[in-house]
C-alpha cells in the first residue's frame, strides 16, 4: 500500500505490481543461486545445509506477516503476475533489459525459473486460481485469437505444459478447458474467413473468441446474457447497425454449418477490440480500440448520402451527441461508458472526440463531437483504455472496480475450493480409519493437503462441523475429541 500526503492509503497500480513482482522474484532466485554456491563451496553440498536453505527460503516466500509499514507479499499472486507479464512481452516480441528472449532456450529458461519459484510456494491452489484469471484475460483482451509463436514455440502451450508437469492435469483442468476453447476459436476463425470469402455480400472481418461460459472466470462471464436484447429488454445493449448484418450471418453459420442447434451464442463487448480506418482531413489512420470505444465511434459515422449515393463526410455532418444521448443509443453501462469516453475524448494522445467542456471527468451534460484536428505521428494508432480504478476514483459515489471484483472472485474461488478439498480429505481419512482423535485427524489432514495448501485450524474445525451436520461424522459419546465415520 502507498500512503498519500492526505493520509489516505492507496493500492499500488498494476504497473507497480508488475515491477515489484519481477524484482522480488528475480532477486530471490538470484539469492538462491548464491546460497547454493556457498553450500557447494563451503559445505560440499551437505544435505542438511541444502534442506535448511530450502526450508528457510520457503518460509520467507510464504510469510504472510506484515513487516512495519510494508504489506505482506502474496507469493502465489506475484508469481502469476510475473508469468503473465513475461508472456505478454514475449507475445509482443519485445525485449527486457536482462534477457533479449530471442531464442527458444531463453524462453525455456524463463519457464524453468517460474517452475523453480513455484516449488517454494505452499498454497499451490492460490497460484492456480490467479493464473487462471490471468490466462483468461490474456486471451480475451488480445487483439487476435491466433497463436503467437516465438521461434516456433507456442509460449502459452510451453508454460501450461510445464505447469501440468509440476501440478498435475487435474489441478489445471479449467485452464486446460480454456486452452481448448482458444484452439477451437483459432480453427473457427480460419473456417469463417474461408466461408466469407465465398460469399457475395460484404461482411466485416471477425476474429472469433468462442468461450464455454462454465469454464471461464465468473467475473468475466457473469453478465454474458446482459448484452442480449431477449434477456435484457428493460435496458438493452444496442449493437451498432454497421455490425448487425455480420453478426446475424455468423450466428446462422455457427448454428447450421457447425451443428450447434443445441447451444446458445451470446455476444459480449466487454473484451476484444475493433480495428477502424478513419479518414481525417490530415490523413487516414488505422486505429485499434476497445469494442466499447469502437461502438461509441460508430455513432459518429456518416448517416446522410450525396446525390450519387456516396456517404457524406462525417466531418461535414458535424454531429454532436451529449453523454445521455450516447448512453441511450448504446446501452453501455455507466462506469464503462465514462472510462471509454475518457480514453477517446480526454487522453491527449488518442483524442478522437472533442469533449465540451474539456475536463478530466465525464459528466452527463457533456457534449461530444469528432476531433477534426486529430493527428498522430504513426498511421497505426492504438487507443489505451483508462483503467476502471482511475475512472471509479472520479465518481461521486464509491464504485467497486473490475479489478476489485476479480480479486474478490479469486479469493472466493480459492476458499470454496479449499472447503471441498478439506471435506473430501476428511471423508477419505475417516473412511479408512473409522475412528480418530481430533489431533490425529488434523495431523493427517495437514499431511495430505501439504502439496496443495496449508489449511487453517479455523477452516478445519468448520469443515468437521459441516460434515457432522451432514451426518458423515459423529462425535464419541464419552469423548468429544474422538470422531467416528458414519458408513
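Estimate the FRET efficiency between residue 36 and residue 60 by the formula 1/(1 + (r/R0)^6), using the beta-carbon distance for r and 22 Å for R0, to the nearest 0.05. Once rounded, the FRET efficiency stands at 0.90.
Would any residue of the range 237-251 have its amide N under 11 Å from a label point 7 Å out along Cα→Cβ of residue 258? List them or say none. So the set is 250-251. Packing, taken as the mean count of other beta carbons within 10 Å per residue, orders the peptides 198-204, 428-434, 441-447 from highest to lowest as 441-447, 428-434, 198-204. On full extension, the segment bounded by residue 454 and residue 363 gains 27.9 nm, given 0.36 nm per residue less the C-alpha separation. Sorted on the mean count of surrounding Cβ atoms within 10 Å across their residues, most packed first, peptides 465-471, 161-167 read 161-167, 465-471.
Treating r as the C-beta distance of residue 202 and residue 279 and R0 as 22 Å, the FRET efficiency rounds to 0.75. By the count of neighbouring beta-carbon atoms within 10 Å, fewest first, 61, 53, 287 end up ordered 53, 61, 287.
Kindly identify the range 169-276 as rounded, prolate or oblate by the Cα gyration tensor criterion: order the square roots of the eigenvalues as a ≥ b ≥ c, call it rounded if a/c is under 1.5, otherwise compare a/b with b/c, prolate if a/b is larger, else oblate. Cα axes put the range 169-276 in the oblate bin.
Overall shape: oblate for the range 309-359, with the ratio a/c of the largest to smallest alpha carbon gyration tensor axis at 1.5 or above and b/c at least equal to a/b. Among the listed values (1) 25.4, 96; (2) 54.0, 220; (3) 27.2, 97, the one matching Rg and Dmax of the Cα atoms in Å as calculated from this structure is (3).
So what's the angle, to the nearest 10 degrees on a 0 to 90 scale, between helix 334-345 and the longest Cα principal axis of the chain? Taking the Cα atoms of the chain, the angle to 334-345 is about 60 degrees. Helical content of the chain, expressed as a calculated mean residue ellipticity at 222 nm, amounts to -16500 deg cm²/dmol (DSSP H runs of 4 or more residues, -39,500 (n - 2.57) each, divided by residue number, nearest 500).
Take 374-387, 248-261 and order them by the average number of nearby Cβ atoms within 10 Å per residue, most first; the result is 374-387, 248-261. Measuring r between the beta carbons of residue 487 and residue 177 and using R0 = 41 Å, the FRET efficiency lands at 0.70. Kirkwood radius for the range 404-485, taken over all pairs of different Cα atoms as the inverse mean of 1/r, rounds to 13.3 Å.
The gain in end-to-end length when the residue 419 to residue 306 segment is fully stretched comes to 34.0 nm, 0.36 nm per residue minus the alpha carbon separation. The length gained by stretching the chain between residue 242 and residue 319 to full extension, at 0.36 nm per residue less their Cα-Cα distance, is 26.0 nm.
The modelled label-to-label distance for the pair residue 138/residue 89, using points 7 Å beyond Cα in the direction of Cβ, is 1.4 nm.
Rounded, prolate or oblate: pick one for the range 427-469, where a ≥ b ≥ c are the square roots of the eigenvalues of its C-alpha gyration tensor, a/c under 1.5 means rounded, and failing that, prolate if a/b is larger than b/c, else oblate. Oblate, since a/c reaches 1.5 and b/c is not below a/b. Specify the angular offset, from 0 to 90 degrees and rounded to the nearest 10, of the alpha carbon long axis of helix 104-118 from the longest principal axis of the alpha carbons in the chain. Once rounded, the angle reads 50 degrees.
All of the numbers you see were taken from the coordinates with simple rules; none came from a lab. Here the structure is a predicted model, which is why all the values come from computation and not from measurement. No Cβ is skipped: glycine too gets one built from the backbone with ideal geometry, and neighbour counts run over all protein chains shown.
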